[in-house]
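This report concerns only the one structure given below.
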Amino acid sequence: MEIIKDIVAQFISTENYSLSPITDGLINTTYLLEDKDQQKKFVLQKINHHVFKQPEVIVNNHLMINELLRSNDYQFQIIEPIPSLSNTFLVKDANDEPWRMLSFVENSITFLTVSSLQTAFEAAKTFSYFLSIVNTEEPPAIEDTLPDFLNFEKRISDYKKALENAAPHLKENAKTEIEITNQLISLPDQWIEMEKNNQIPKRIIHADVKISNILFDQNHQPLAVIDLDTMMISTILYDFGTMIQSYTNTTNEDDGSAENNFNREMYEVVKEGFLFYLKEKLTPEESAQLDYAAQVAIYIQEVRFLTDYLNGSVYYSTKYPEHNLDRTKNQLELLKGLRTYLGC
């Protein structure tokens, strides 16, 4: 705790504070910091520099996005980076790990899963509004915080390498899932070609549109979009696809025995919410590819889980040996339900 004490001292000039962990996130280490002298709360966060190798890019992107939101009369609350006492937005601890502090939204709640069709609609509509605001005619030149994160060609190549080098028992355990994955291996090809040929525009995207990245008030009305760390320039189809991947699953993604876990009503309301502010901004090609994008997003997530399983589960945190395989099965069932719904 001595390290955290030193970090706190660099942000606020008091030892009269309390600190409690926030455990929802999977990448960064996050605390709720309450300055009892000022009677103010903040979010204190250690950035995982193994994932985000250039944390200063995260901060710069965040500041640019916030300026864009303010200049366009954004109606929701804006999460502000808080400067340290030496007027820097990042401070390093004794282990050379970066920390930052952010403003805290009082009386807010988050959802880890989608609780109702109405909540799903409000979440999709909120992201639609956020994306419509940041995608101006001259958007800021934000930098990529996760190089190759949306390089689907590389994702497929990584899967093939993992399959080639996997231990025999892992390949045997995942025999059925490998077979289905290989049958669908060409699914992302159209996406890859559209990007290569500039058939779909490059836009600012959030890239992590799970429902836990929206703060709601006690009446389940949206207050703020949070976690701008993954924001990048790519196709907005990815945000829609991952929204479907996240919101339409009726089970926990760790449930490998799930059956019929795709919720078609949820798909319809999420699509309606996503188009609420974006319908007039999307090109005809983007609008035409939404259903396809949902399939690709689920497939790529399944491929990532399967790749990690075949590699010995070295990337995703796992609680048991078959954890990534169960996640793979769950995504394949979700994809099967979506494709049946779409008549594929």
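The values are calculated or read from the model by the stated rules, or taken from the named source; none is laboratory data. What you see is a predicted model; the values in this text were computed from it and never measured. Backbone-built Cβ (ideal geometry, glycine too); neighbour counts: all protein chains shown. For accessibility, only protein heavy atoms count, side chains too; no ligands or nucleic acids. Shrake-Rupley method; radii C 1.70, N 1.55, O 1.52, S 1.80 Å.
Among the residues of segment 32-73, those that are β-branched (Val, Ile, Thr) and either within 22 Å of ILE22 (Cα to Cα) or open to solvent by 40 Å² or more (accessible area, probe 1.4 Å) (or both) comprise VAL43, ILE47, VAL51, ILE58, VAL59. Filtering segment 301-313 to residues that are open to solvent by 10 Å² or more (accessible area, probe 1.4 Å) and either part of a helix (DSSP H, G or I) or in contact with a Leu (Cβ under 8 Å, 6 or more places away or on another chain) (or both) leaves GLN301, ARG304, THR307, GLY312.
Among the residues of segment 244-264, are any surrounded by fewer than 21 Cβ atoms within 10 Å (Cβ to Cβ), in a helix (DSSP H, G or I) and free of Cβ contacts under 8 Å to residues at least 24 places away in the same chain? Taking every residue of segment 244-264 in turn, none turns out to be surrounded by fewer than 21 Cβ atoms within 10 Å (Cβ to Cβ), in a helix (DSSP H, G or I) and free of Cβ contacts under 8 Å to residues at least 24 places away in the same chain. Against the criterion of being in a helix (DSSP H, G or I) and among the basic types (Lys, Arg), LYS5 qualifies. I'd like to check something: does segment 314-334 contain any residue that is open to solvent by less than 10 Å² (accessible area, probe 1.4 Å), touching a strand residue (DSSP E or B) at 6+ places or on another chain (Cβ under 8 Å), assigned to a helix (DSSP H, G or I) and of a type outside the set (Gly, Ala, Ser)? The answer is yes, given that some residue of segment 314-334 is open to solvent by less than 10 Å² (accessible area, probe 1.4 Å), touching a strand residue (DSSP E or B) at 6+ places or on another chain (Cβ under 8 Å), assigned to a helix (DSSP H, G or I) and of a type outside the set (Gly, Ala, Ser). Just one residue in the set ASP227, ASP208, ASP217, ASP239 is touching a residue at least 12 places away in the same chain (Cβ under 8 Å), touching a strand residue (DSSP E or B) at 6+ places or on another chain (Cβ under 6 Å) and open to solvent by 10 Å² or more (accessible area, probe 1.4 Å); that residue is ASP217.
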